[in-house]
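What follows is a set of notes on a single structure, which appears directly below.
Since every read-out is calculated from the coordinates, none of them should be taken as a lab result. A quick note: this is a predicted structure, and the numbers were derived from the prediction, not measured. Neighbour counts are summed over all protein chains in view; Cβ atoms, including those assigned to glycine, are modelled from backbone coordinates with ideal geometry.
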Amino acid sequence: MPNATPSKPPIRLTFKTRPQDTAWPDLLAMWLEAERIPELDGGFLYDHFYPIYGDSTGPCFEGWTALAYLAGRTTRLRLGLMVTGNPYRHPAVLANMAATFDVVSGGRLDLGLGAGWNEEEASAYGIPLLPWGRRFDQFDEACRIIHSLLTQTTTTFHGEHYRLENARCEPKPIQKPRPPFLIGGGGEKRTLRIAAKYADDWNFPGGSPEQFAHKVAVLHDHCAAVGRDPAEIALSTHVLAGADVAATAAAAAGMVGAGATHLCLYFWDNRDPGLLGRSVEAVRQAIG
């Protein structure tokens, strides 16, 4: 008998909530509802101190602090920031945060990483935001340092931006060899090359299926250049999830058709937890 055609792996389905312009009980209710929906594998917040949509003077919860609380209120969902801005925390500090979070959450961290871009909040706080080229050099170094600290007994690193001498990070995370790195961004020359080297999941911030497919092709070219199997990298994208669940489902199906293996449903309004279930059901029917 001929060999059966191998089945495609299931599409990973996660969600994301905005920590800006929201009452905390509303955001928490979204996460507690998501915990009850088995098709949702995990959830994300973003990592900014100012709102990044609309009025930047409004309220915005700090991502890692909020995520730690949500880890304590859930037991099943994986958790992460999509994505952590590298300039905001020294990579050694972030590695220790990630290791602790992974332990206290029972091994549920997805470690989102990005080069950073928000000039308004960086300028307001006096956080250095380097020119683009040097910023990506800095980010590349940070990925190497975080990986080493999470997997090796000691790390010594002499780079242009960071210097570590016999540095330790203990306890180590529960997940082995480390929590998965989710690298976000669509820059074809630097972001996608860094993703090819370090990412377990690459996230496309948003755009059309055609744009997504093009970025995937560029990512795979970078994988070939660095000797990485592209099958090792999940391909994720945001899918805006509004009141029109049919539109959400159609957008999700378009991204799956373009090669996405991880859909992150992005909810901008936290006042209707029931929208989670309705959206998930519509998306599941659309993608099969």
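General observations
- Averaging 1/r over each pair of different alpha-carbon atoms in segment 153-223 and inverting the result gives 14.3 Å, the Kirkwood hydrodynamic radius.
- Amide H to amide H distances under 5 Å link Thr84 with Gly112, Leu113, Gly114, where only residues 5 or more positions off or on other chains count and H is placed in the peptide plane.
- Nitroxide proxy distance, nm - points 7 Å out along Cα→Cβ at Trp24 and Asp272: 2.6
- Value of Rg/Rh across the chain [Cα atoms, Kirkwood radius]: 0.96
- Look at the Cα gyration tensor of segment 53-185: its axes a ≥ b ≥ c give a/c of at least 1.5 with a/b at or below b/c, and that counts as oblate.
- Net charge, Gln152 excluded, C-beta distance under 15 Å - Lys, Arg +1, Asp, Glu -1: +3
- For Trp132, Trp31, Trp64, order by how many other beta-carbon atoms lie within 10 Å, fewest first: Trp132, Trp64, Trp31
- In the chain, a dipole from Cβ-located charges (positive for Lys and Arg, negative for Asp and Glu) runs towards its positive end, and of Pro177, Ala29, Pro51 it is Pro177 whose Cα lies farthest in that direction.
- Segment 134-288: C-alpha gyration tensor shape, a/c 1.5 cut-off, then a/b vs b/c: prolate
- Zone of Ile52's modelled label, taken as backbone nitrogen in segment 103-126 under 17 Å from a point 7 Å along Cα→Cβ: 110-125
- For Phe49, the shell of other residues with beta-carbons less than 11 Å away shows a net charge of -4, using +1 for Lys and Arg and -1 for Asp and Glu.
- Of all DSSP beta bridges confined to the chain, the antiparallel ones make up roughly 10%.
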